[in-house]
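J.: Structure in structure tokens, see below.
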Number of protein chains: 2
Amino acid sequence: MGKVYVLGHRNPDTDSITSAIVYAHLKRELGMDAEAVSLGIVQNETAFALEKFGFDAPRLIETASPDVKNVILVDHNEKQQSVKDIDKVQVIEVIDHHRIANFETGDPLYFRAEPVGCTATILNKLFKENGVDIPSNIAGLMLSAIISDTLLFKSPTCTAQDISAAKELEVIAGVDAQEYGLAMLKAGADLSDKTLEDLLSLDAKEFGMGGFKVEIAQINAVEVSDIMDRQTELEELIYRNIAEKGLDLFFFVVTDILNNDSVALALGNQAKKAEQAFGVPFVNNVGLLKGVVSRKKQVVPVLTEALSE
Amino acid sequence: MGKVYVLGHRNPDTDSITSAIVYAHLKRELGMDAEAVSLGIVQNETAFALEKFGFDAPRLIETASPDVKNVILVDHNEKQQSVKDIDKVQVIEVIDHHRIANFETGDPLYFRAEPVGCTATILNKLFKENGVDIPSNIAGLMLSAIISDTLLFKSPTCTAQDISAAKELEVIAGVDAQEYGLAMLKAGADLSDKTLEDLLSLDAKEFGMGGFKVEIAQINAVEVSDIMDRQTELEELIYRNIAEKGLDLFFFVVTDILNNDSVALALGNQAKKAEQAFGVPFVNNVGLLKGVVSRKKQVVPVLTEALSE
């Protein structure tokens, strides 16, 4: 079938980047000509993990065609989160842990989604199911992804399966998950080299919700106020984003990785729905979301429900 | 989470009925209060398999709510092929081997689709992955499903995985796959107790294709001419179907299970596209599809392409 690209979502996080590398490795072991590629530059947290375990960042691509006819999606399935010419290539596999939406094929395919905290936890099963050993450096990437997606096992998205996979991978990788994990998360929360534009786009995802177009950007921080002190400038940039993309809601979430709370900034014609969704006041467009750290489990479902009424 | 219904698609075939029974069994073994239910009465072929291995047909349901909050879909994922109040319940799992379309969730779920010939082949893996033994009578149902979906391993949808699963299940079930399988297929192709309305609805599925509404009904037969001799009456019924459901195309496929060819009758405002799709003339609305036995692999993709241009 020729070369196959393995790719995570736009604005890739650590799970998207490492799962592309890891699954491409597994597919090559199984005889496929697979190459991990990425749809965006790696973030500080991911760079920290790649360097630790001796990997280069995957090659950046703009489009999949005409280079390849077939792609494998990891860590996403929604079309608008994928490579922009996704309709011109065939999706032959999906490995994901998100909701399923805006995904359609003409032919049957291998689609493996599980309600776990991280794609790497599913990949850990796939290595076993295929009888392929996990090399130490690959295990390190998988562990990094689980730590990243579960905020060191503290996110409500974290399942018993993620913890048990991480324990196995910790041994193979030969690192201490707590010590290494905190260093990695802190590297990711170091925003000193970032512009405000960066903060809004680093981990932004677009969703269709009840007919509305919603973008949700999330950023991890050690000092939330460093970011929120610049609310006026942020709002200006967000309004530009809303106008350019025709969004109904831009929801910017700043997550405190030490206290595990988030502060959210809601703008757009559907911004009022945020109060209703979370049951907290949004004062001057800003609301405090106690205990909220997971976009997937604590933000997307409640906003989807509020916008679908 | 209370009781969970496990259900196959409307107009259920042998795979849909038996996979609901089989997967409900596995989920009960794993501690879930799961009940197999069905969206339609069983066909002769399925009744033959159920009787052979000592099972009753699953209970017929009209709606899932308010009886249950959660359902598991087997052998389908497209909304219009599922229980009519699917939007009122939560889909917590999908085990399927078809294309993915018209399926959307608010939350992550367990979604396992593989490009194999039969749902039972995936279920065979799930028993192993969960360390649960397959009882002899359950293995018999799974073998029946594989034989049915692959037309005794002769359909192009049949993969090496289906054959290898069937070999394992044959031993556990203690039957000869060829001998039992031919008897089961012939029981299914016995249409003597069927009305023409039955033939059009027994295994009919609706699809969205390029904005058009398409219904594809398929029937297995030993003597194709027994059915096609009554084309005039069939057309009258089909036109009524088209009018009632607002279809753009009704595609009726009669498959010769001994010669592995099909004859198709195409009606509706998009009927002309059938010629283009299959590259054969449709004379008096009827075309001969040499070597075509699989709706999923040989009919749906080509019609989807022709209707999407």
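The values are calculated or read from the model by the stated rules, or taken from the named source; none is laboratory data. Bear in mind that the values here come from a model prediction, so they are computed numbers and not experimental data. For neighbour counting, all protein chains shown are included, and Cβ atoms are generated from backbone atoms with ideal geometry for every residue, glycine included.
J.: Is it the case, given these coordinates, that residue B:23 is away from chain A (no Cβ under 14 Å), under 30 Å from residue B:197 (Cβ atoms) and either buried (at least 20 other Cβ atoms within 10 Å of the Cβ) or of a type outside the set (Gly, Ala, Ser) (or both)?
T.: It is false that residue B:23 is away from chain A (no Cβ under 14 Å), under 30 Å from residue B:197 (Cβ atoms) and either buried (at least 20 other Cβ atoms within 10 Å of the Cβ) or of a type outside the set (Gly, Ala, Ser) (or both).
J.: Somewhere in the stretch A:267-279, is a residue in contact (Cβ under 8 Å) with a residue 12 or more places away in the chain and within 11 Å of chain B (Cβ to nearest Cβ)? Reasoning before the result, please.
T.: Narrowing the stretch A:267-279 to residues in contact (Cβ under 8 Å) with a residue 12 or more places away in the chain: A:267-271, A:273-278.
Within this subset, residues satisfying the condition of being within 11 Å of chain B (Cβ to nearest Cβ) are none.
No: the stretch A:267-279 contains no residue that is in contact (Cβ under 8 Å) with a residue 12 or more places away in the chain and within 11 Å of chain B (Cβ to nearest Cβ).
J.: Among the residues in the stretch B:43-55, are any surrounded by 17 or more Cβ atoms within 10 Å (Cβ to Cβ), at pLDDT below 95 and assigned to a loop (DSSP other than H, G, I, E, B)?
T.: yes
J.: If I ask for residues that are small (Gly, Ala, Ser), in contact with a helix residue (DSSP H, G or I) (Cβ under 7 Å, 6 or more places away or on another chain) and within 14 Å of another protein chain (Cβ to nearest Cβ), which ones from the stretch B:61-105 would you list?
T.: Matches in the stretch B:61-105: none.
J.: Which residue, of B:133, B:162, B:149, is without any contact (Cβ under 8 Å) to a residue 12 or more places away in the chain and touching a helix residue (DSSP H, G or I) at 6+ places or on another chain (Cβ under 8 Å)? Give the derivation first.
T.: Numbers: B:162 fails: without any contact (Cβ under 8 Å) to a residue 12 or more places away in the chain; B:149 fails: without any contact (Cβ under 8 Å) to a residue 12 or more places away in the chain.
One residue alone meets the criteria, B:133.
J.: If residue B:223 passes every condition in (1) under 23 Å from the mean Cα position of the chain (by Cα); (2) modelled with pLDDT of 95 or more; (3) exposed (fewer than 15 other Cβ atoms within 10 Å of the Cβ) but one, which one does it miss?
T.: Answer for residue B:223: the failing condition is (2).
J.: What do you reckon, is residue B:229 closer than 24 Å to residue B:43 by Cα and surrounded by 15 or more Cβ atoms within 10 Å (Cβ to Cβ)?
T.: no
J.: Right, another one. Among the residues in the stretch B:276-283, are any farther than 23 Å from residue B:307 by Cα and assigned to a strand (DSSP E or B)? Outline the logic, then answer.
T.: Kept after step one, since they are farther than 23 Å from residue B:307 by Cα, are these residues of the stretch B:276-283: none.
Looking for residues that are farther than 23 Å from residue B:307 by Cα and assigned to a strand (DSSP E or B), one finds none in the stretch B:276-283, hence no.
J.: Output the residue which, of all residues in the stretch B:85-110 that are within 27 Å of residue A:302 (Cβ to Cβ) and charged (D, E, K, R), is modelled with the lowest pLDDT.
T.: For the stretch B:85-110, the residue satisfying everything is B:107.
J.: Quick one: in the stretch A:111-136, which of the residues that are within 30 Å of residue A:303 (Cα to Cα) and outside any helix (DSSP H, G or I) is farthest from the other protein chains (Cβ to nearest Cβ)?
T.: Result: A:118.
J.: Restricting attention to the stretch A:153-170, which residues are crowded, with 20+ Cβ neighbours inside 10 Å and over 18 Å from residue A:99 (Cβ atoms)?
T.: A:165, A:166, A:169, A:170
J.: Can I ask one more? What are the residues in the stretch B:171-187 that are touching a Phe, Trp or Tyr at 6+ places or on another chain (Cβ under 7 Å) and either surrounded by 20 or more Cβ atoms within 10 Å (Cβ to Cβ) or within 16 Å of residue B:116 (Cα to Cα) (or both), if any?
T.: Of everything in the stretch B:171-187, just one residue is touching a Phe, Trp or Tyr at 6+ places or on another chain (Cβ under 7 Å) and either surrounded by 20 or more Cβ atoms within 10 Å (Cβ to Cβ) or within 16 Å of residue B:116 (Cα to Cα) (or both), namely B:184.
J.: Same structure again: Being part of a loop (DSSP other than H, G, I, E, B) and out of contact with any Ser or Thr (no Cβ under 7 Å at 6 or more places or on another chain) is the filter; apply it to the stretch B:284-309 and report the residue that is farthest from the other protein chains (Cβ to nearest Cβ).
T.: B:284
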